[in-house]
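A quick write-up on the structure given underneath.
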Amino acid sequence: MSGKLGIISALAVLTLLPVLGGCVSEEQYKDALAANRNQRKELEDQFAKNQALTEENRDLRTNLDRSKQINDNIQQQVALLTRGNSELRTSLDQAREELKRRGVIVIRTNPLPPEIDAKLQALAAANGDVMEYDPKYGMVKFKSDLTFAPGSTDVQKSAADVLGKFVEIMNSKEAGGFNVYIAGHTDDMPVSRPETKQHHPNNWYLSVHRAITVRYVLNKAGLDDSRMCVMGFGEYHPIVPNKPNKKGEEKNRRVEIWIVPPGRFLTDAAEAVSGDSTTAPAPKGEPGGEGS
């Protein structure tokens with residue numbers, strides 16, 4: 001900085017030489033000195049700014065180099081993990097083939113490929129108020145209280161929109177070979193209102209009818225009927241205890257959609273069998289409480 005100030009001082013002297021070399025008034029001399037001081041101050045400020053910018057630029061370059069190094073390390077780790085995952089998959093596939101050759105049935109703990117798993121994870125994260133996703137079983141769970149009108153099988157629009165996005169995933173290239181099994185569940189509150197019992201005599205009917213309605217919505221959104229199965233469990237498979245005295249529990253009122261590889265729990269359809277599938281209308285829903 002002292003060298004730069006020396007240059008500034010020299011410039012100041014050179015600026016004053018023409019003034020000192022002639023006959024000038026004292027007032028003109030003072031004005032020249034003031035102008036010189038202002039120029040020197042401006043030069044000092046500019047030098048200071050330049051120095052600050054130089055240091056900032058040096059820091060930015062250092063941070064950029066560090067970021068590049070971190071990114072390179074991450075890319076190397078991703079490549080190693082990807083290669084390791086591929087080798088593990090190859091070994092696992094070979095082991096499955098060997099067990100299959102020996103007649104041993106193998107059930108996978110995570111039945112879905114990573115691409116489908118990631119899409120379902122994202123769908124559930126964006127619509128957690130309506131649905132949940134369990135990657136361990138390849139199962140999507142829709143909450144009845146937010147999927148249906150109370151005591152009916154009418155699917156509400158918010159749930160229908162999410163079911164449509166689910167169909168988009170199931171119709172993707174990665175999921176094209178999978179089937180879906182739709183299972184309805186209720187709580188233990190009995191169906192009692194006459195107008196409701198007319199269409200859903202008991203919880204068995206209500207659970208099955210809701211599953212059928214979900215199948216109808218999925219089919220309308222583009223999922224082929226040949227890939228779907230419908231079932232109902234009534235009140236007999238709760239996931240948490242119902243409240244005492246038949247007061248139910250909302251977590252038990254649900255529709256589960258199980259994503260199943262071909263050949264699991266279903267024999268392959270004969271290629272010689274053909275024909276158009278008939279789409280049955282959805283069961284008519286009735287208003288009323290869950291146990292009404």
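Each value in this text was obtained by applying a stated rule to the coordinates, not by laboratory testing. In this text, all values refer to a predicted model and were calculated from it rather than measured experimentally. Reconstructed Cβ throughout: ideal geometry from the backbone, glycine too, with neighbour counts over all protein chains shown.
Annotations
- For the range 112-193, applying the loop criterion from DSSP together with a ceiling of 16 other beta carbons within 10 Å to the GluC sites (Glu not before Pro) yields 174.
- Amide H partners (placed H, <5 Å) of residue 179, local residues excluded: 260
- In units of the compact-protein estimate 2.2 N^0.38 Å, the range 114-260 shows a Cα radius of gyration of 1.02.
- Cross-link partners of residue 173 among aspartates and glutamates (Cα-Cα below 14 Å; sequence separation of 8 or more within a chain): 115, 117
- Among the listed pairs 119/143; 41/68; 220/247; 136/197; 68/165; 119/157, those with a Cα-Cα distance over 29 Å are 41/68; 220/247; 136/197; 68/165.
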